[in-house]
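To start, the structure itself, in structure tokens.
The values are calculated or read from the model by the stated rules, or taken from the named source; none is laboratory data. Since we're looking at a predicted model, the values are computed, not measured. Glycine also receives a Cβ, built like all others from the backbone with ideal geometry; neighbour counts cover every protein chain displayed. Each accessible area value is taken on the protein alone, full model and side chains, heavy atoms only, with ligands, DNA and RNA left out. Shrake-Rupley method; radii C 1.70, N 1.55, O 1.52, S 1.80 Å.
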Amino acid sequence: MAQAWKCSGLRWSADGPVLAWDGGRRSALTWGKRVAFGVADGGVRTCVGARGHACPVRAAVSGRSTGARCEECARLDRAHSVAADTIADDPRPYHVYLAWFGPGMTKVGITAEERGSARLLEQGAICFSWLGVGPLMAARRTEELLRAALRVPDRIPYADKRAVRSALPGAEAERAAEIAELHGRALALGAWPESLRAEPFRPVDHVEVFGLAGLPDAAGEVAELVAGGAVGGRLVAAAGPDLHLDTGGGVVVLDTRLMTGWGLVPVEGAEVSVPVREFRREAGVQDGLF
């Protein structure tokens, strides 16, 4: 019987996307590489635990969960989290950023300065610019100011991000236009925290990093993994936690967060034999009879 591997998620390195595995092994992902794996027959997806600790009861979790944690471990994982706004005493400086994921999809967020652009790669931001840097609570207040004054959200659903990746504007200047305009409006606001230092608009574009130039439309996305199922395809792009795989029958998006918690085994020549949610195509509206 083949050895089962446990995936701990997709990581972004200076050289591109890398799949990380329990035990420390990493698999570099390059465009055109064949990505194929199966889910062990009779396997059950189990909770991945919290903050480096295993789930004490090895609870079973839903195949559709992107967190792969039971209720108790999810609570513990967020108990000391900047994202959940449960800590206020982190002494590190934080960046406030504006990130763009596609037309009409710009968000504001914060990330520790020491992390650089890692958070933006993890979220699948097509382009971004820093807005300011300062203490955690000053960064948080600035984030809230933009949400209230400029109606800028602090999150964009992944389904929306996936839907537009193959139809992005071709020029970097076009992709940066929305955050350029918003950056100027944000700097013109009053009530900025005094301890936050504004930063100039310097857009960073990730289209080449993600391999999105010329990306074909995706037919759908993996809804969940199931015991005995398999996924296989040629890697054509990656963004955030997503792999875009050419399966021979069309491009399918795999959210690698769905891989965690399963025992995965190598397979030969696998195609996709797990549930796939098809993307809806908007029907064109005819403006005349002919």
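Here the chain is assigned +1 on the Cβ of each Lys and Arg and -1 on the Cβ of each Asp and Glu. Its dipole about the Cα centre then comes out at about 540 debye.
Of the residues D41, D160, D217, ranked by 1.4 Å probe accessible area with the largest first, the sequence reads D41, D217, D160. What the Cα atoms of the chain give is an Rg and a Dmax of 20.5, 66 Å.
For the chain, the cysteines with no partner cysteine C-beta closer than 4.7 Å are C7, C73, C127. First measure r as the distance between the Cβ atoms of E144 and E268, then evaluate 1/(1 + (r/R0)^6) with R0 = 41 Å and state the FRET efficiency to the nearest 0.05. Efficiency, from the Cβ-Cβ distance: 0.20.
Cross-link partners of K33 among lysines, defined as those whose alpha carbon lies under 24 angstrom from its own and excluding same-chain residues fewer than eight positions apart: K6, K161. On a per residue basis, the chain carries 51 Å² of accessible surface, using protein heavy atoms and a 1.4 Å probe.
With the gyration tensor restricted to C-alpha atoms of segment 164-268, the semi-axes of the equivalent ellipsoid amount to 38, 19, 10 Å, longest first. For segment 149-208, trypsin sites (Lys or Arg not before Pro) are listed when DSSP marks them as loop and at most 14 other Cβ atoms sit within 10 Å of their Cβ; the list is R151, R155. With respect to the chain, whose longest principal axis is taken over its alpha-carbon atoms, helix 172-187 is tilted by about 50°. The angle between the Cα long axis of helix 136-150 and the main principal axis of the chain comes to about 80°, on a 0 to 90 degree scale. Within the full protein context, the accessible area of S65 is estimated at about 40 Å² for a probe radius of 1.4 Å.
In units of the rule-of-thumb radius 2.2 N^0.38 Å, segment 94-177 shows an alpha carbon radius of gyration of 1.08. Let me know the longest stretch in the chain that avoids all GluC sites (Glu not before Pro) found in a DSSP loop with at most 10 other C-beta atoms within 10 Å. Longest stretch, sites excluded: 1-193. Counting heavy atoms of the protein chains alone, K33 has an accessible area of about 80 Å² for a 1.4 Å probe. Ordering P203, A68, P17 by the projection of their Cα atoms onto the charge dipole of the chain, which places +1 on the Cβ of Lys and Arg and -1 on the Cβ of Asp and Glu, puts A68 at the extreme positive end. For segment 64-75, 3J(HN,Hα) computed residue by residue from phi via the Karplus equation (6.51, -1.76, 1.60; θ = phi - 60°) reads 8, 6, 7, x, 6, 10, 6, 4, 5, 5, 5, 5 Hz, glycine and proline entered as x.
Ignoring ligands, DNA and RNA, please state the percent of accessible area on segment 171-290 from carbon and sulfur, probe 1.4 Å.
Numbers: 3220 of 6160 Å².
About 52 percent, which is the carbon plus sulfur part of the accessible surface.
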